[in-house]
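Structure first, commentary second.
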Amino acid sequence: MKTVLIFKKAAASGCFFLPLLLASAALAPATQSAPLQPEAPTSIARGYKAVEAETGQQWMAVTANRYATETAALVLKQGGHAVDAAIAAQMMLNLVEPQSSGLGGGGFMMVWDQKSQVLKAYDGRETAPLATLADDFLDAEGNPQAFYDIVRRGKAVGVPGLLAMLELAHRQHGKLAWKSLMLPAAQKAENGFFVSERLHALLKNDALLKEDPHAAALYYPAENAVEAGYFLRNPALANTLKTIANTGANGFYKGTFPQQIIKAISVKTGEKSSLRPGDFSQYRAVERAPICAVVMDNKVCGMPPPSAGGIAVLQMLQLLEIQLAGKKTNMTQTDTAGLVRWKPEQLSAWLKASRLAYEDRARFVGDPDLVEVNTQKLISRPYLKQRLTEFSLAQRLNSEERPSTTHLSIVDAQGNAVALTSSIEDQFGSRIMVNGFLLNNQLTDFDLKPSDSKVKTPNQVEAGKRPRSSMAPTIVLSNTEPMRVVSVIGSPGGAQIPAFIASRLMANWWGNTQPSAAVSVGHVVLRENRLDLERGAHAADFAQNLKKSLPAGEATDNLNVSVIPQTSGVHWIQRTPEGWLGVADPRREGSVLSDRSAQ
């Protein structure tokens, strides 16, 4: 259930009335808009677990699933580069965490090479088919179609970019053979794995996936979702991975796969797909220049557009530093569970940073190959100081993104690092399965209605365009020569990803909170006129702190506050004086392994 609080401020007194609580169903009918967090919240997926934390001296891997973490660890034990480990782990995630990412989707990847002192950013974002039209997602009245109507019709499937990106990174950094990185997942798909509680819960509560006959046969063999602990085999995916092991990405983009994907969409939806084989053969992953800013004497680096995540994280952290200069104070632990809570001055700074970054995300960021994005201006200190003078809750913007996503963080024994965030967008993507993997629905990340003016909006639908994302794989480096990795961090969570990451670093840097505690700090995300507050983590004392946190005289009428479970999946590696410390978010089922724990 979702609880919505509407705060009203009395015109004369400036005092807040008690919240009005409204309840609504957690799962919307298929004809309605997608939920804020399509990958089911913690309450559905069997609750919190303890924070998983490990220490290590040489290498470390943190991923969303134990099978994937073990696969990464195996590669690192064999002397593989962090990129090798990331590729093998990502293929395993395709099998054991199919709701979040895979061959049918895309992603973004940051790679630090310690020897050359070079940081690279890889863009594997999906692209719209070349036959895409600006009004493809509008109804007869010219309004955007219902989200799940678009998903069901297969109109939102973009050209997958994940595999091309992984191969590009492997050509430049890989030490182990490509084929060897495909085989662990191929063998596990052939021999079987135990379904996790989270996967069972998500399958059970998804109303659309069983409409696909291939997915139904795999995940609903007796009409009901497979139970936790069920031993699941995916021979179709095993064959796919074996083919890719031998042919590389070329076999995926120029072989029989494009025609099979196009056919699967048409058969499932009864409509001709906009995709053509040429869309696949022309797809290219792109190496882009990372964007960086110095914050708290560290060099924080993230993805450039078409992801808005890197810009947003850098904006948030710099806005926090501007406001909290000289105010490095402990966050507080006030209950027996040890949950870390915000202080009013920290919350005040955070609300401004969150709101301003999300405003800029909606207004300025799109595919840089088709839209001019002044990235350096957006992350510059003079610009951000000016933005602070413009903070207002009166602005009404609306820009949604609903990915089902995964993130992994890896460091190897040579000091190389990978932050990889990948996605198929909604929970189980388009719900169209082909050759053992699910296709994305990433094109719903566009602003679906074209601009009414002659000036195009940065993220409106265009042929061949990459939709804006909020994925934000982040690598923090020391700001001294020679540089070395300080932190590797990222998270799933849709448009909330930048807030999830920046607020964890905030708790660590300004709140004197160690990663193992900071990862559990309650989420607060202010964007547009909506304030998303994590249920259970700190909601009880929020109303009191809200009044203390907002600027005097600020217009808070109709500020909608949603108290909901927030399913982040922060996976974080941080350098310590003793070596590496890795933590996995308790809200999902992530795990950590290192050279110490994997012995």
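Name the residue, out of Leu347, Leu384, that is farther than 29 Å from Ala289 by Cβ and not in a loop (DSSP other than H, G, I, E, B).
On the way: Leu384 fails: farther than 29 Å from Ala289 by Cβ.
Exactly one of Leu347, Leu384 is farther than 29 Å from Ala289 by Cβ and not in a loop (DSSP other than H, G, I, E, B), namely Leu347.
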Being part of a helix (DSSP H, G or I), open to solvent by 10 Å² or more (accessible area, probe 1.4 Å), closer than 28 Å to Ser478 by Cβ and out of contact with any Leu (no Cβ under 9 Å at 6 or more places or on another chain), is that true of even one residue in region 106-122? no
Restricting attention to region 143-176, which residues are touching an Asp or Glu at 6+ places or on another chain (Cβ under 8 Å), farther than 14 Å from Arg276 by Cα, part of a loop (DSSP other than H, G, I, E, B) and open to solvent by 20 Å² or more (accessible area, probe 1.4 Å)? Gln145, Arg153, Gly174, Lys175, Leu176
(1) within 20 Å of the chain's Cα centre (by Cα); (2) of a type in the set (Val, Ile, Thr); (3) open to solvent by less than 10 Å² (accessible area, probe 1.4 Å): which one isn't true of Thr127, the others all being true? (3)
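Is it the case, given these coordinates, that Gly493 is touching a strand residue (DSSP E or B) at 6+ places or on another chain (Cβ under 9 Å), under 22 Å from Leu93 (Cβ atoms) and open to solvent by 10 Å² or more (accessible area, probe 1.4 Å)?
Values: touching a strand residue (DSSP E or B) at 6+ places or on another chain (Cβ under 9 Å): yes; under 22 Å from Leu93 (Cβ atoms): yes; open to solvent by 10 Å² or more (accessible area, probe 1.4 Å): yes.
It is true that Gly493 is touching a strand residue (DSSP E or B) at 6+ places or on another chain (Cβ under 9 Å), under 22 Å from Leu93 (Cβ atoms) and open to solvent by 10 Å² or more (accessible area, probe 1.4 Å).
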For region 40-60, enumerate the residues that are at pLDDT 90 or above and either surrounded by fewer than 17 Cβ atoms within 10 Å (Cβ to Cβ) or of a type in the set (Phe, Trp, Tyr) (or both). Thr55, Gln57, Gln58, Trp59
Quick count over region 453-480, residues being assigned to a loop (DSSP other than H, G, I, E, B), touching a residue at least 12 places away in the same chain (Cβ under 8 Å) and either open to solvent by 40 Å² or more (accessible area, probe 1.4 Å) or not hydrophobic (A, V, I, L, M, F, W, C) (or both), is 14
If Arg484 meets every condition in (1) touching a Pro at 6+ places or on another chain (Cβ under 8 Å); (2) open to solvent by 20 Å² or more (accessible area, probe 1.4 Å); (3) at pLDDT 95 or above apart from one, which number is that one? (1)
If we keep only residues of region 514-550 that are at pLDDT 85 or above and open to solvent by 10 Å² or more (accessible area, probe 1.4 Å), then the residue nearest to the chain's Cα centre (by Cα) is Ser520
Which residues, taken from region 440-452, are touching a residue at least 12 places away in the same chain (Cβ under 8 Å) and surrounded by fewer than 21 Cβ atoms within 10 Å (Cβ to Cβ)? Lys449, Pro450
Going by what's in this entry, would Ile475 be described as of a type in the set (A, V, I, L, M) and either in contact with a Cys (Cβ under 8 Å, 6 or more places away or on another chain) or modelled with pLDDT under 95 (or both)? yes
Restricting attention to region 388-434, which residues are buried (at least 22 other Cβ atoms within 10 Å of the Cβ), modelled with pLDDT of 90 or more and assigned to a loop (DSSP other than H, G, I, E, B)? Asp412, Asn416, Asp426, Gln427, Phe428, Gly429, Ser430, Arg431, Ile432
Filter region 189-203 down to residues that are open to solvent by 80 Å² or more (accessible area, probe 1.4 Å) and part of a helix (DSSP H, G or I) and give me whichever is nearest to Val434 (Cα to Cα). Glu190
Count, please, the residues in region 76-105 that happen to be under 21 Å from Gln599 (Cα atoms) and either of a type in the set (Phe, Trp, Tyr) or assigned to a loop (DSSP other than H, G, I, E, B) (or both). 4
Filter result for Phe437 (of a type outside the set (Val, Ile, Thr), in contact with a helix residue (DSSP H, G or I) (Cβ under 7 Å, 6 or more places away or on another chain), modelled with pLDDT of 95 or more and open to solvent by less than 10 Å² (accessible area, probe 1.4 Å)): yes
How many residues of region 421-477 are within 18 Å of the chain's Cα centre (by Cα) and over 23 Å from Ala357 (Cβ atoms)? The answer is 11
If I ask for residues that are free of Cβ contacts under 8 Å to residues at least 60 places away in the same chain and either under 26 Å from Ile87 (Cα atoms) or open to solvent by 80 Å² or more (accessible area, probe 1.4 Å) (or both), which ones from region 204-218 would you list? Lys204, Lys210, Pro213
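The values are calculated or read from the model by the stated rules, or taken from the named source; none is laboratory data. Bear in mind that the values here come from a model prediction, so they are computed numbers and not experimental data. Positions of Cβ are backbone-derived with ideal geometry, glycine not excepted, and every protein chain shown enters the neighbour counts. Quick note on the areas: whole protein, heavy atoms, side chains included, nothing else; ligands and nucleic acids left out. Shrake-Rupley method; radii C 1.70, N 1.55, O 1.52, S 1.80 Å.
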